[in-house]
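Report on the structure given below.
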Amino acid sequence: MISNNVLNRVRRIECGNLQGTAFTLDYQNKQYLVTAKHVVEGSQFPRTMRLVSPLWADEFDFRLIGLSPHTDIAVLACDTLLSPTEVECPATIEGLTYGQDVYFVGYPYGLEGIIESKGEIYRLPLVKKACLSTFTEESDVGVLVLDGHNNRGFSGAPVVYQVPGNSRLYNFAGVISGYIPEYEPARIGGVDGEFQLLQNSGIIIAYNIRHAIEVITDNPDGSIISR
């Protein structure tokens, strides 16, 4: 089961006509919002965007912290803390092992699970499981290649894994970018036609969470966390 230190941080983000997933990341006593660069790229900042969490939906004025130059990662911030900060969710791949199970959490197609508990309505993100097929590191770009099935709307979702030795907590390992497409010929009457169909190959590309930290380090203008 995905723990609250992840669920309390995942948000659906609406940027104009685009929807994706974002998540809050705490670093050096400041909070940031991380998503995929292609969800917000081309937008003029500062700008107002709508976020949906398990317990609320609201609009916030965001400033751009930065766009990762070589990966599909964007970091934003506003003047409001967007999630609880009592339980951290570290940004690291320490202890992550080749071939292990990982999860990604988000809002594909704007879908959400609705649960009522003690008079409160919770709008939960969807959780999907994948296998860490391999790591790649080329020209200082860290990529996590996952075996799983990604859907539109998961862009910007966090890739998480269980903290070694603690099955109740998870770490942020990466940011979902998208899947590798596969083209197959359309078959008509058992014969390959002239048209091709775009299909999901089941190979997901995510970028190492350290690239979000690099953006933050260059411009540490997040929302201050009061301890």
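The values are calculated or read from the model by the stated rules, or taken from the named source; none is laboratory data. These numbers come from a predicted model, not from an experiment. Using ideal geometry, Cβ is built from the backbone for each residue, glycine included, and neighbour counts are taken over all protein chains shown. Just so you know, the surface numbers come from the protein's heavy atoms only, side chains and all, with ligands and any DNA or RNA stripped out. Shrake-Rupley method; radii C 1.70, N 1.55, O 1.52, S 1.80 Å.
Worth a mention:
- Enumeration of residues in the range 108-139 that are closer than 27 Å to Gln31 by Cα, under 15 Å from the mean Cα position of the chain (by Cα) and not in a loop (DSSP other than H, G, I, E, B): Pro108, Tyr109, Gly110, Leu124, Leu126, Val127, Lys128, Lys129
- Within the range 65-75, at least one residue is touching a residue at least 24 places away in the same chain (Cβ under 8 Å) and among the polar types (S, T, N, Q).
- Any hit, the range 164-184, residues being of a type in the set (S, T, N, Q) and outside any strand (DSSP E or B): no
- For the range 65-106, the set of residues classified as over 14 Å from Gln31 (Cα atoms), open to solvent by 70 Å² or more (accessible area, probe 1.4 Å) and of a type in the set (D, E, K, R) consists of Glu94, Asp101, listed by residue number.
- The residue of the range 20-64 that is least open to solvent (accessible area, probe 1.4 Å), among those that are on the phi > 0 side of the Ramachandran plot and in contact (Cβ under 8 Å) with a residue 40 or more places away in the chain, is Asn29.
- Strands (runs of 3 or more DSSP E) wholly inside the range 28-107 containing at least 2 residues that are touching a Leu at 6+ places or on another chain (Cβ under 7 Å): 30-35, 57-67, 74-77, 101-106
- Residue that is modelled with the highest pLDDT [pool: residues in the range 139-197 that are β-branched (Val, Ile, Thr) and farther than 22 Å from Pro108 by Cα]: Val141
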